[in-house]
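Q: Can you read through this structure? Questions will come right after.
The values are calculated or read from the model by the stated rules, or taken from the named source; none is laboratory data. On a predicted model such as this, the values are computed, not experimentally measured, just so you know. Here the Cβ is made from the backbone with ideal geometry for all residues, glycine too, and neighbour counts use every protein chain on show.
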Amino acid sequence: MEMDNRQTGIRVTLQGADDVAVEAAAEELKQRLGSRFAVLTRRRRRDGSELVLTATLMASTTASVDAAATDLIDLIYAHQAREGREPPRRDAA
């Protein structure tokens with residue numbers, strides 16, 4: 001089964017009472033995701049309590065599947081490490 005590499009835009013909302021933390025989170029996402037992430041709007045809630053950033057993330061189906069597989073492998077190895085077991089060696093047949 002072959003998956004296409006279709007890109008789709010996902011809306012991301014970052015919000016919080018600490019303006020610096022919200023902006024730092026947006027900057028970290030920009031650094032990690034590059035041109036696939038962009039902040040579209042910055043606004044403050046009506047009561048002035050929180051900064052709200054609306055952004056878009058371009059994602060592909062294949063990247064999502066790869067990320068999910070990587071997360072699963074990380075969870076398996078983390079569980080084995082908690083039990084004191086070593087992950088399987090690649091050269092073991």
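Q: Of everything in segment 24-38 that's farther than 17 Å from Ala59 by Cα and of a type in the set (A, V, I, L, M), which residue is surrounded by the most Cβ atoms within 10 Å (Cβ to Cβ)?
A: Looking at residues that are farther than 17 Å from Ala59 by Cα and of a type in the set (A, V, I, L, M), I get Ala25.
Q: Only one of Asp47, Asp91 is exposed (fewer than 10 other Cβ atoms within 10 Å of the Cβ) and modelled with pLDDT of 90 or more; which? Walk me through it before giving the result.
A: On the way: Asp91 fails: modelled with pLDDT of 90 or more.
Testing whether each residue is exposed (fewer than 10 other Cβ atoms within 10 Å of the Cβ) and modelled with pLDDT of 90 or more leaves just Asp47.
Q: Just a yes or no: is a residue in segment 58-72 more than 25 Å from Leu14 (Cβ to Cβ), at pLDDT below 90 and not β-branched (Val, Ile, Thr)?
A: The answer is yes, given that some residue of segment 58-72 is more than 25 Å from Leu14 (Cβ to Cβ), at pLDDT below 90 and not β-branched (Val, Ile, Thr).
Q: Ok, one more. Does segment 11-23 hold any residues that are part of a strand (DSSP E or B) and loosely packed, with under 12 Cβ neighbours inside 10 Å, and which are they? Please lay out each step first, then the result.
A: Initial filter on segment 11-23 (part of a strand (DSSP E or B)): 11-16.
Passing the criteria: Arg11, Thr13.
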